[in-house]
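Since the structure comes first, as C-alpha cells, the remarks are kept for the end.
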Amino acid sequence: AQKVTQAQTEISVVEKEDVTLDCVYETRDTTYYLFWYKQPPSGELVFLIRRNSFDEQNEISGRYSWNFQKSTSSFNFTITASQVVDSAVYFCALSAVAPGDMRFGAGTRLTVKP
Amino acid sequence: DAMVIQNPRYQVTQFGKPVTLSCSQTLNHNVMYWYQQKSSQAPKLLFHYYDKDFNNEADTPDNFQSRRPNTSFCFLDIRSPGLGDAAMYLCATSSNRGRRETQYFGPGTRLLVL
C-alpha cells in the first residue's frame, strides 16, 4: 500500500520568513517517484519537482529547496524568504508501479502575510 | 506552448442533467487522467487512459464515464449529476512509455450542480 502524509494542514508565515512543508511517505516498492505540486487559488496544479527513489541528492531551485531522506521516508520542501505569491496549497505525491498509481497527500495550505 | 486545456472553466448544470467536460492536450502524451477534487481535499483519481486502454478506479461511481476519441482529447461524462458531484475536475497527462513520468495538469473545470 502507498500512502503520503502531510501532517501540517495549514501554515501561516509572514513574508520573508523561511518555511518548511513536511511530507512522509510509505511504499513497499524500491522504485518510486516523489513529487511536489503547487495549487494556487486559481485551481491549477503546478508541477514543482520530481525525485526518483535512487537519487537522494537535495535540490535547490531559486528560493525552493527539497530534502529527500530515504532513511526517514521524508521529502520535505523549504521555501526561503517566502513571498505573498507563495500562498497556495502544496501537495506531495508518490508514484510507484504504473500509470494511475499516483497518491497525493492531503495538502498543506500555506498563507504568506505581507 | 504545449499544454493541457480544459473547457469550460466553470460549468453549471442541474440535478440529474447530463454534463460533459472536455480536455485536450498538445503534449502528445499517451496517458490521460481525470481527477475529482472537492473543497480542501486532495485530488482523487477517477480513471485514466493508457493509450486506448481505459482504467477505472474501483470506487469510481458508474455515474462517471469517459471517452478518448484520439490521443489529444478526453471527455468526462457525468450521466446524472447529483449535488455531491459538485467539485473541481482536473485533467492530467503524462508520457509513460516505459517509465513513470510527471503528470501535467490542466486548469480544471469547476462544476456546480443546482
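Annotations for the structure displayed:
- All positions within the range B:29-44 that are over 12 Å from A:PHE91 (Cα atoms) and in contact with a Phe, Trp or Tyr (Cβ under 8 Å, 6 or more places away or on another chain): B:HIS29, B:ASN30, B:VAL31, B:MET32, B:TYR33, B:TRP34, B:TYR35, B:GLN36, B:GLN37, B:LYS44
- Total residues in the range A:28-47 satisfying the condition of being at the interface with chain B (Cβ under 10 Å from one of its Cβ atoms), among the polar types (S, T, N, Q) and in contact (Cβ under 8 Å) with a residue 12 or more places away in the chain: the figure is 2.
- Number of the condition not met by B:THR93 [criteria: (1) more than 13 Å from every other protein chain (Cβ to nearest Cβ); (2) in contact with a Leu (Cβ under 6 Å, 6 or more places away or on another chain)]: (1)
- Which numbered condition A:ASN67 misses (of (1) closer than 23 Å to A:PRO41 by Cβ; (2) surrounded by 12 or more Cβ atoms within 10 Å (Cβ to Cβ)): (1)
- Selection within the range B:62-76 - more than 15 Å from B:ALA92 (Cα to Cα) and in contact with a Leu (Cβ under 9 Å, 6 or more places away or on another chain): B:PHE64, B:GLN65
- Screening the candidates A:ARG50, A:ARG63 for the property of being without any contact (Cβ under 8 Å) to a residue 60 or more places away in the chain, under 21 Å from B:TYR104 (Cα atoms), in contact with a Ser or Thr (Cβ under 7 Å, 6 or more places away or on another chain) and among the basic types (Lys, Arg) yields one hit, A:ARG50.
- In the set A:PHE47, A:PHE35, A:PHE54, only one residue is under 22 Å from B:GLY108 (Cβ atoms) and open to solvent by 60 Å² or more (accessible area, probe 1.4 Å); that residue is A:PHE47.
- Of the residues B:THR71, B:THR102, the single one that is at the interface with another protein chain (Cβ under 8 Å from one of its Cβ atoms), over 12 Å from the mean Cα position of the chain (by Cα) and either in a loop (DSSP other than H, G, I, E, B) or more than 21 Å from B:TYR50 (Cβ to Cβ) (or both) is B:THR102.
- Residue within the range B:77-88 that is open to solvent by 70 Å² or more (accessible area, probe 1.4 Å) and more than 10 Å from chain A (Cβ to nearest Cβ) present: yes
The values are calculated or read from the model by the stated rules, or taken from the named source; none is laboratory data. What you see is a predicted model, and the numbers here were worked out from it, not measured in a lab. In this analysis, Cβ positions are derived from the backbone assuming ideal geometry, glycine residues included, and neighbour counts consider all displayed protein chains. Just so you know, the surface numbers come from the protein's heavy atoms only, side chains and all, with ligands and any DNA or RNA stripped out. Shrake-Rupley method; radii C 1.70, N 1.55, O 1.52, S 1.80 Å.
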